[in-house]
Every structure is written in structure tokens, then in C-alpha cells.
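Single-structure report; data block below.
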Amino acid sequence: MATTGGRVNRGPAAASDNRHAILQTARRVMAERGYRVPLSAIAREAGVGQGVLYRHFPTRLDLAFAVFEENFADLEAAVAPADDGALERLWRELVAQAMGTTAFVEMVIDARRSLPEYDGADRLLALVERALPAAQAAGRVDPGLTPSDVALAWRMVFGVVVTATDPESVRAAVDRACALLPLP
């Protein structure tokens, strides 16, 4: 097999590993430097060529949606044990994602006018609708809380993350905001 810079070129067999490396690197680099970071920087830090990155993700938005799909898999896992703790697990994951993938959310917000078919908000509401009744029945949250209220609270937390002027204070600000919300 051919080598590149001391590495063995595994060709198509490396596709899955390359995709994973790109996604993990993009998540980290965009969290640190914003979503306008050059894709060449992501490819370089992921240890792949730009051609490999573009084969997997032809556009910056394709990359963002791939991260969102990973996020939704994590959200699904949070509500999979359908018990009275599902809403709390879902909320914690949503807050963690808001803090870790802000750049991707900003990118999709910028692009949503051209992508009216994206169903992320509906999918999120469906997850909340699955988790909320058990939490309400167990007395863990207000019985009048609606899925739309939870989605609004998430957008409020996201707003805190996006507008924070000091990255070091984001966690404390999010914790304060969450303490004001009627969620577990």
C-alpha cells in the first residue's frame, strides 16, 4: 500500500474512520473558533486531505447537519429508557449540546431560510413529548409544562451561550439560566 507522510493509505477502508475524525475535529475546532473557521483547518487537524473532507461533506452545512444527526442520536439515547428521568436526561444533553455545538446551530440558523424542509425542531418536540408525561406524572416538573415550553427554555439557554461575552463564564451563566427554568 502507498504511504503518505509515513501513514499507510488504507483507501476506501478508511472512509468511516476519516468521517469520524472529521466530525470530531469539526465539533472541537468550530466550538473553539466559530463556524467560519476554514474547512482546510478542520481537514488538517483531522489528519485528512481537503478532498477527503469534501467527499464526505460537500458543504459546510452538510458538515453541520452531520453533527446534528450525531446530536439527535445522543438525544434519542437520553429518552430511550422511557422512565420519569428521561426528561431530565434529555434536558442535560440539550444543555450540553447547546454549549458544545453552538457554532453549528448558528450556521443552521443562518441557513434555515433556504432549508425550510429541515425538521429538527419537530424532531426535538417529539422527543420532549415522549419524555414529558412521565416526568409530570412523577411530580418532577409542573403539570402545566408543555413541549413548546421546553423548546423555548432550550432556545433561552442557547441565547445565553451565544451572547456570552466571556467564554470562561458561559457554564456559570447557563447554570443560572437553568435554575430559573421549571425543568429538572
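The values are calculated or read from the model by the stated rules, or taken from the named source; none is laboratory data. All figures in this text were calculated on a predicted structure; none of them were measured in a lab. As a convention, Cβ positions derive from the backbone with ideal geometry for all residues, glycine included, and neighbour counts pool all protein chains shown.
Mind checking which pairs have a first residue in the range 15-31 that is of a type outside the set (S, T, N, Q) and a second that is not in a helix (DSSP H, G or I), Cβ under 6 Å, 6 or more apart or different chains?
As it stands, the answer is V29/V37; M30/V37, since those pairs meet every condition given.
Please go through (1) assigned to a helix (DSSP H, G or I); (2) farther than 27 Å from L39 by Cβ; (3) of a type in the set (A, V, I, L, M) for V161 and return the number of the only condition it doesn't satisfy.
In the conditions (1) assigned to a helix (DSSP H, G or I); (2) farther than 27 Å from L39 by Cβ; (3) of a type in the set (A, V, I, L, M), V161 misses (2) alone.
Among the residues of the range 38-49, is any surrounded by 13 or more Cβ atoms within 10 Å (Cβ to Cβ), among the β-branched types (V, I, T), in a helix (DSSP H, G or I) and in contact (Cβ under 8 Å) with a residue 40 or more places away in the chain?
no
Condition test on A138, is it surrounded by 12 or more Cβ atoms within 10 Å (Cβ to Cβ) and touching an Asp or Glu at 6+ places or on another chain (Cβ under 9 Å)?
yes
Look through L152, L132, L63 and report the one residue that is under 21 Å from L180 (Cβ atoms), part of a helix (DSSP H, G or I) and either without any contact (Cβ under 8 Å) to a residue 24 or more places away in the chain or within 17 Å of the chain's Cα centre (by Cα) (or both).
After ruling out the rest, the residue left standing is L152.
Please work out which residue is modelled with the lowest pLDDT, limiting yourself to the range 59-95 and to residues that are closer than 17 Å to G120 by Cα and among the small types (G, A, S).
If we take residues in the range 59-95 being closer than 17 Å to G120 by Cα and among the small types (G, A, S), then A64 is modelled with the lowest pLDDT.
Among the candidates R112, R33, R89, which residue alone is surrounded by 18 or more Cβ atoms within 10 Å (Cβ to Cβ) and among the basic types (K, R)?
R89
Could you please find all residues in the range 119-135 being surrounded by fewer than 17 Cβ atoms within 10 Å (Cβ to Cβ) and touching a Phe, Trp or Tyr at 6+ places or on another chain (Cβ under 8 Å)?
Once the filter is applied, which keeps residues that are surrounded by fewer than 17 Cβ atoms within 10 Å (Cβ to Cβ) and touching a Phe, Trp or Tyr at 6+ places or on another chain (Cβ under 8 Å), the range 119-135 yields G120, R123.
Quick check on the range 96-129: of everything there that is within 16 Å of the chain's Cα centre (by Cα) and in a loop (DSSP other than H, G, I, E, B), which residue is modelled with the highest pLDDT?
D119
Could you tell me which numbered condition L145 fails, if it satisfies all but one of (1) under 20 Å from the mean Cα position of the chain (by Cα); (2) surrounded by 12 or more Cβ atoms within 10 Å (Cβ to Cβ)?
With respect to (1) under 20 Å from the mean Cα position of the chain (by Cα); (2) surrounded by 12 or more Cβ atoms within 10 Å (Cβ to Cβ), L145 is out only on (1).
Got at least one residue in the range 143-150 being small (G, A, S) and at pLDDT below 90?
no
Being more than 15 Å from R33 (Cα to Cα) and either within 18 Å of the chain's Cα centre (by Cα) or not small (G, A, S) (or both) is the filter here; which residues of the range 164-179 pass it?
Of everything in the range 164-179, those that are more than 15 Å from R33 (Cα to Cα) and either within 18 Å of the chain's Cα centre (by Cα) or not small (G, A, S) (or both) turn out to be V170, R171, V174, D175, R176, C178.
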